[in-house]
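To start, the structure itself, in structure tokens.
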Amino acid sequence: MVVEAEVMRRTAAVLEAESECETTGVEEVGDASLAATAAVRMGSDATMVDVAVTELDIRSSDANPIDPVEPLHFVPSIRSGSFADIGPRRYMEDEHIRIDDLSAHLSSILRCPTPSAFYGVFDGHGGPDAAAYVKRHAMRFLFEDAEFPQAFEPNKDFLKSVENSVKRAFLHADLALAEDCTINNSSGTTALAALVFGRFLVVANAGDCRAVLCRKGEAVEMSQDHRPIYAAERQRVEASGGYIDDGYLNGVLSVTRALGDWDIKTPHNSPSPLISEPEFRQAMLTEDDEFLIIACDGIWDVMSSQHAVSIVRRGLRRHDNPEQCARELVLEAKRLKTFDNLTAIVICFSDEYRSSSHNNQQQLPRFRYCKSLSADALCNLKSWLDQDGYN
């Protein structure tokens, strides 16, 4: 009875301690862990106190969220994977771009914050010409002709200049499609571009591709689908002289923003129901931001943003391979009977899954297989055991 009482007393103490930890909150636990890690690296208890205070001060300050990045802040470790499939369609009209190290890729012409990365998905319609053309010339449109800003540290002015430059690039690409006589004027493409500069994510979208950020397991949409059912787009279309018929722009197109499609657009410098101007969304990445999915509407037609995030998160925990995760998204969309081409890119912002996937692999049971023994072998085994006193 004395032993049982002692066990119950210790159990109650543990439960009380756990309750206190829960009321402390996730953010405080994260801060303490980060400070402790920094202290171990610095090598003294006194340093641990200094680092903890500094980190908490930074987090609790009212500084502008797009001020230059401090050294103690989270810096993304970028890696990605992609997968594309024709799906049930007769022709493949999707294109995509994946550059994990933009600074190295454009070192001769661009000076930008690090890490830096660029991703794009182009979902063509009316033939593959427009999407293929935009992919082929995207680097020139975005980083050469559009006077892309240059800086070593991202801040508010730099990010605003990035948006202006990307907007010019979309409009320039749209006009180039009109002027190129090899491109059919009924061919068009949606376009979604995602850029990372240091801690900052910038997404530009024209059409119904979608970017979704995973933040602590929750889906955060980083773009708005430009479809006629979107109230703001419907209002803009009708104000410019267009109309919506059975969910289609002017009765023929399922999106309200796209590059190309010059058989629908009105002449230059006049209001048009179909435009190529992108909408922008920004995010400051933190330790809570795990990965970004960008994909064409063939994915989003049959699954929610949260469903896609759950698939990728589960895959990363299992094998930590973003390319395999992109493939799993595509296969899930095919299983759900999508009607379109399929393209997905998964961009990871940390290495946190690498240790968990490695541990999962180590914990897998190792099975030993043996053949069944013959009757003679069983008799021999029994006699050996009897001789050794196992009887």
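The values are calculated or read from the model by the stated rules, or taken from the named source; none is laboratory data. Fair warning: this is a prediction, and the values are worked out from it, not measured in the lab. No Cβ is skipped: glycine too gets one built from the backbone with ideal geometry, and neighbour counts run over all protein chains shown.
What the table below lists for this structure:
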quantity: Number of the exception - E277 against (1) under 17 Å from the mean Cα position of the chain (by Cα); (2) in a loop (DSSP other than H, G, I, E, B); (3) of a type in the set (D, E, K, R); calculated: (1)
quantity: Residues of the stretch 113-125 satisfying the condition of being over 25 Å from V196 (Cβ atoms) and at pLDDT below 95; calculated: none
quantity: Members of the stretch 109-140 that are touching a helix residue (DSSP H, G or I) at 6+ places or on another chain (Cβ under 7 Å) and surrounded by 20 or more Cβ atoms within 10 Å (Cβ to Cβ); calculated: C112, S116, A117, F118, G120, F122, D123, G124, A130, Y133, V134
quantity: In the stretch 340-366, the residues that are at pLDDT below 95 and part of a loop (DSSP other than H, G, I, E, B); calculated: S350, D351, L364, P365, R366
quantity: Set D246, D261, D301: member being surrounded by fewer than 24 Cβ atoms within 10 Å (Cβ to Cβ), of a type in the set (D, E, K, R) and over 25 Å from the mean Cα position of the chain (by Cα); calculated: D246
quantity: For A232: the one exception among (1) of a type outside the set (S, T, Y); (2) at pLDDT 95 or above; (3) not in a loop (DSSP other than H, G, I, E, B); calculated: (2)
quantity: Enumeration of residues in the stretch 87-98 that are in contact with a Leu (Cβ under 8 Å, 6 or more places away or on another chain) and outside any strand (DSSP E or B); calculated: G87
quantity: Yes/no for A308 being within 14 Å of the chain's Cα centre (by Cα), surrounded by fewer than 22 Cβ atoms within 10 Å (Cβ to Cβ), in the same structural domain as I345 (by TED's automatic domain parsing) and not basic (K, R); calculated: no
quantity: From L249, L274, L292, residue being assigned by TED's automatic domain parsing to the domain that holds A131 and either in contact (Cβ under 8 Å) with a residue 24 or more places away in the chain or charged (D, E, K, R) (or both); calculated: L292
quantity: Residue in the stretch 237-253 that is part of a helix (DSSP H, G or I) and within 20 Å of G126 (Cβ to Cβ) present; calculated: yes
quantity: Pick from the stretch 79-93, criterion more than 18 Å from the chain's Cα centre (by Cα) and of a type outside the set (A, V, I, L, M), ranking: surrounded by the fewest Cβ atoms within 10 Å (Cβ to Cβ); calculated: R90
